[in-house]
Number of protein chains: 2
Amino acid sequence: MFHALADGTRRDIIVRTMQSELSVSALARSYPMSFAAVQKHVTVLERAELVTKRPKGREQLVSGNIQVVRDAFGLLDRLEVLWRSRMSQFGEVLADDPREGANE
Amino acid sequence: MFHALADGTRRDIIVRTMQSELSVSALARSYPMSFAAVQKHVTVLERAELVTKRPKGREQLVSGNIQVVRDAFGLLDRLEVLWRSRMSQFGEVLADDPREGANE
DNA sequence: CTATTCTACAACCATATGGTTGTAGAACTA
DNA sequence: TAGTTCTACAACCATATGGTTGTAGAATAG
């Protein structure tokens, strides 16, 4: 699933389909590559369950799936916890986590 | 950088080195592959700045770097925000974010 | 009905990836 | 000094990856 996130085009597809449903061909028009290439990217994202497809007439509407993204937070959060426990062995956390408190 | 996270061995190396500094050869003993293979994984992680290496005598001590992990949160958080804005167009957020509130 | 659009999928290609073995040097150990 | 350990790096290999073009069918438009 991190593999699915490891490509710029795919990350962009996720960003766009997280905002609104888009057909595969609509997506394909946005990128400097063939329809088939974009189709493959969507397939990779679909297998990773980062997006879902819904047929509508002859189109397939692609929609971002937030659930698996949240799973990714899990791994990252785990790393954060491990790092903090290591830091606490030295009795000091040098850098505060910029995520906490502020909205950005 | 998601590419660096896209391999199970590398994710494990991150997890282990986030807890404590480990030499490349110490890491290599943990995996069913050659020293050179583990060495390559460490190099990939180093280029992505997910770990740092510190020489100590003839050893290279590998240490997880939390900063870039936090950068990954950035992308994920952005996706979360986009998804929420889409959901709000329908006036309802069906699933609450399990991250908020609870510690796990 | 005909033409167009959208999708699916196969075949193919160049390059990247993850693994291997082998060589060599630097740093410890005995 | 001699042997061992740790690292670096080159060369090589099989397979995965990201792209292409081409074919074909289903749905829509005219």
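The values are calculated or read from the model by the stated rules, or taken from the named source; none is laboratory data. The model shown is predicted, which means the values in this text are computed figures rather than measured ones. Here Cβ is always computed from backbone atoms with ideal geometry, including for glycine, and neighbour counts include all displayed protein chains. For accessibility, only protein heavy atoms count, side chains too; no ligands or nucleic acids. Shrake-Rupley method; radii C 1.70, N 1.55, O 1.52, S 1.80 Å.
Could you compute how much accessible area chains B and A hide from each other, both sides summed, with a 1.4 Å probe? Nearest 100 Å² is fine.
Separately minus together, B and A give about 3100 Å² buried.
Using a 10 Å cut-off around each Cβ of peptide B:71-78, what is the average number of partner chain Cβ atoms that fall inside? Intermediate values should be presented prior to the final figure.
Details: counts 2, 7, 8, 3, 6, 8, 5, 6.
For this peptide, the per-residue mean of nearby foreign Cβ atoms is 6.
Would you list, by chain and number, the lysines whose Cα falls below 28 Å from the Cα of B:K56, excluding same-chain residues fewer than 8 positions away?
Here the lysines satisfying the reach criterion relative to B:K56 are B:K40.
Sort A:M1, B:M87, A:M18 by heavy-atom solvent-accessible area, probe 1.4 angstrom, most to least. Each step should come with its number before you reach the end.
Values: A:M1 75, B:M87 25, A:M18 0 Å².
Largest accessible area first, the residues go A:M1, B:M87, A:M18.
Let me confirm one metric for peptide A:61-70, namely the mean number of other chain beta-carbon atoms within 10 Å of its residues' beta-carbons.
So the per-residue partner count for this stretch is 4.
Which whole-number percentage describes the relative contact order of chain A, with Cα contacts under 8 Å and a sequence gap of 6 or more?
24 percent
For the Cα atoms of chain A, what angle does the longest principal axis make with the long axis of helix A:66-89, in degrees from 0 to 90, nearest 10?
Between the helix axis and the principal axis of chain A, the angle is about 20 degrees.
Once you have the Cα-Cα distance between A:S85 and A:E59, take 0.36 nm times their residue separation minus that, and quote the gain in nm to one decimal.
Gain in length upon complete extension: 4.4 nm.
What is the helix-to-structure angle for A:8-19, meaning the angle in degrees between its Cα long axis and the longest Cα principal axis of chain A, kept from 0 to 90 and rounded to the nearest 10?
80 degrees
What are the equivalent ellipsoid semi-axes of the protein assembly as shown, built from the alpha-carbon gyration tensor (square roots of five times its eigenvalues), in whole angstrom, biggest first?
In descending order the semi-axes read 36, 22, 12 Å.
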